[in-house]
Amino acid sequence: MALIVQKYGGTSVGSVERIQAVAQRVYKTVKAGNSLVVVVSAMGKTTDGLVKLANEISLNPNRREMDMLLSTGEQVTIALLSMALQELGQPAISMTGAQVGIVTEAEYSRARILHIETTRISRHINAGKVVVVAGFQGISSAGEMEITTLGRGGSDTSAVAIAAALRANFCEIYTDVPGILTTDPRLVAEAQLMDAITCNEMLELASLGAKVLHPRAVEIARNYGVPLVVRSSWTDAPGTWVTSAKPQGRSLINLEIARPVDNVEFDTDQAKVALLRVPDKPGVAARLFGEISRQKVDVDLIIQSVHEGNSNDIAFTVTTPILKRAEAVAAAIAPALRNQSNPKSDEAEVMVEHNIAKVSIAGAGMIGRPGVAAKMFATLAEAGVNIQMISTSEVKVSCVVDAAECDRAVSALRSAFEIEAGEEGTRGQGGQGGRIIEDNSPLSSPSPFSPLSSSSPPVRGVALDLNQARLAIRQLPDRPGMAAKLFGLLAKHNISVDMIIQSQRCRVIDGVPRRDIAFTVSRIDGESAKEMLTQVAAELGWGEVVLDSAIAKVSIVGAGMVGQPGVAAKMFEALAEHQINIQMIATSEIKISCVVAQEQGVKALQAIHAAFELAGSEKFVVPA
Ligand code: ADP
Ligand code: ASP
Ligand code: MG
């Protein structure tokens, strides 16, 4: 007999018939000898409807009242599903987040779970009842008893957290698609179903816009080793397992806020090649990285940012042994990269930096927890280390620094994040290929798992995020501590940041060397971030803050792209073929993201999905 947590999303409980169908499935699972906790979402588009109602009354509704309102959606479903189960003769009881004791921070609209009381749920289970719990909601601790919500899509997080707290055998997420697909089937009908995906890959996909799972749910599954499967509530097909490495034996106290960083890693065998002043038009990155991959050069980090209108900087890192080859390719291609709109302009300039190192913090939920990257930058600033390049992802934040400062950076980070020296995490010195990879191995997870094939495909999935905005800050002084100040400020306001790109060109203004910096945030945070950063511009000595909300972020994710030259080139070539201009490029070890114009987002996603031959022969029809 197993203890199972099942979660049913909005469409799966969108009507009385659907609730009855869910009750049947729950009933069957119990009859097969299992104990069940069922977490449900609000029916259909109820939550959207409630948001709309609030916006009819206020453009800026009070966040406490918003949580009070949105939490009602799930309460309807728990009561109806319990009734449907009771009609089948199955004892059941509905419980709100507060009744269970899903204790969260006192933070409205995106509260994190601190801990979950298990006594009440367990008592009902032991009495033979199915416990039906309202997803997406909790209650703040410290005697306040405030109703909180976990953020849109948060019922997944409730379910996995309950599974972790109860030490359930596994957690099933039932939804309107047959599992996790290579991309959103609403945008690419030929998207293919996967049997399994690693937690780290899924974390990236989820945070890059694949809404099939809430990133925080994947983070909890990873941290606590909860076996997790995504399945269709319409069929009995097996779905997709999200596989985690060994559970880490974590405490269930401070469930979502404890120790975000597991490791400090470094790699001193790195060099950087930058091309300055390349034209801002489709095909440039494709040409450069196409040639680089033909020379079998494996690049590690790649960044590209728009710089003052019509020309870009592209920079990439490689391991030292292949630097000569990478430099030769860049030098050979530079003369051809002349700004067409200004034929008299200089050709692109190649700049090589030999003695650099990459230091990284690894864990889960880095983007979702803006304070973590900010703490890394502050720690480096305190140690007097200047940051040359930044790479962010849900599972890792890396900074490229001067090699001479690597030891100092690593020991400062170890002590800041309480990682003992000698703990695993010093890999990556030398090594073959620039990339270091963590969770690429087939899993050590408990059954029931369909194991991953031992060779991961270079690209497992493609994601599109149309809810992003880009902020650029002009003329930021180039000295230790600026990134810490900037991202510390954003973190204080709980604003998550991704794709942080500093320009390679440095300009001296008023005797101070300066660079531009650009990054992406959620669109809803765009205006307030701009306002906040403009307010402190004079005090912190930076220039204009520019906001662009008409962007799309398209990303590829795959643990198998490590050590595979040519993956980036293929992505850029697919975009070039469709005349899609790349505005920004940022990579981490298992993902590559490009910012393109908003109206080209869907086309970009489709082009990339096709280029990596991810399409299947079957077409998906998503239930309405
Ligand atoms: P639920 O209400 O069950 O939580 P969601 O709407 O939150 O469902 O998530 C399921 C939806 O996620 C699918 O209908 C699909 O459109 C979308 N989706 C985006 N990317 C993917 C992907 N890679 N695989 C499967 N579904 C995806
Ligand atoms: N009902 C909430 C939402 O629509 C939570 C969820 O469905 O996961 O965002
Ligand atoms: Mg969802």
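The values are calculated or read from the model by the stated rules, or taken from the named source; none is laboratory data. As the structure is a prediction and not an experimental result, all values here were calculated from the model. FYI the Cβ positions are ideal-geometry reconstructions off the backbone, even for glycines, and counts take in every protein chain you see. With ligands, DNA and RNA removed, areas are computed over all heavy atoms of the protein, side chains included. Shrake-Rupley method; radii C 1.70, N 1.55, O 1.52, S 1.80 Å.
Do you know which residues across the stretch 207-222 are open to solvent by 10 Å² or more (accessible area, probe 1.4 Å) and not charged (D, E, K, R)?
SER207, GLY209, ALA210, VAL212, HIS214, PRO215
Which pairs do you get when a residue that is of a type in the set (Ser, Thr, Tyr), found in the stretch 175-198, comes within reach of a residue that is away from ligand 2 (no atom under 16 Å from the Cβ) and open to solvent by 30 Å² or more (accessible area, probe 1.4 Å), reach meaning Cβ atoms under 7 angstrom, with the pair 6+ apart or on two chains?
THR182/GLN192
Residues in the stretch 252-274: is at least one farther than 30 Å from PHE289 by Cβ, at pLDDT 95 or above, out of contact with any helix residue (DSSP H, G or I) (no Cβ under 8 Å at 6 or more places or on another chain) and away from ligand 3 (no atom under 15 Å from the Cβ)?
No: the stretch 252-274 contains no residue that is farther than 30 Å from PHE289 by Cβ, at pLDDT 95 or above, out of contact with any helix residue (DSSP H, G or I) (no Cβ under 8 Å at 6 or more places or on another chain) and away from ligand 3 (no atom under 15 Å from the Cβ).
I'd like to verify a number: residues in the stretch 573-624 that are free of Cβ contacts under 8 Å to residues at least 24 places away in the same chain and within 16 Å of ligand 3 (Cβ to nearest atom), how many?
Residues that pass the stated criteria total 0.
Do you know which residues across the stretch 367-384 are in a helix (DSSP H, G or I) and open to solvent by 30 Å² or more (accessible area, probe 1.4 Å)?
Once the filter is applied, which keeps residues that are in a helix (DSSP H, G or I) and open to solvent by 30 Å² or more (accessible area, probe 1.4 Å), the stretch 367-384 yields GLY371, LYS375, ALA378, GLU382.
Only one of these conditions is not met by VAL230: (1) closer than 22 Å to LEU205 by Cβ; (2) open to solvent by less than 10 Å² (accessible area, probe 1.4 Å); (3) more than 16 Å from ligand 1 (Cβ to nearest atom); (4) among the hydrophobic types (A, V, I, L, M, F, W, C). Which number is it?
(3)
State the number of residues belonging to the stretch 200-214 that are more than 12 Å from ALA463 (Cα to Cα) and within 16 Å of ligand 2 (Cβ to nearest atom).
Residues that pass the stated criteria total 2.
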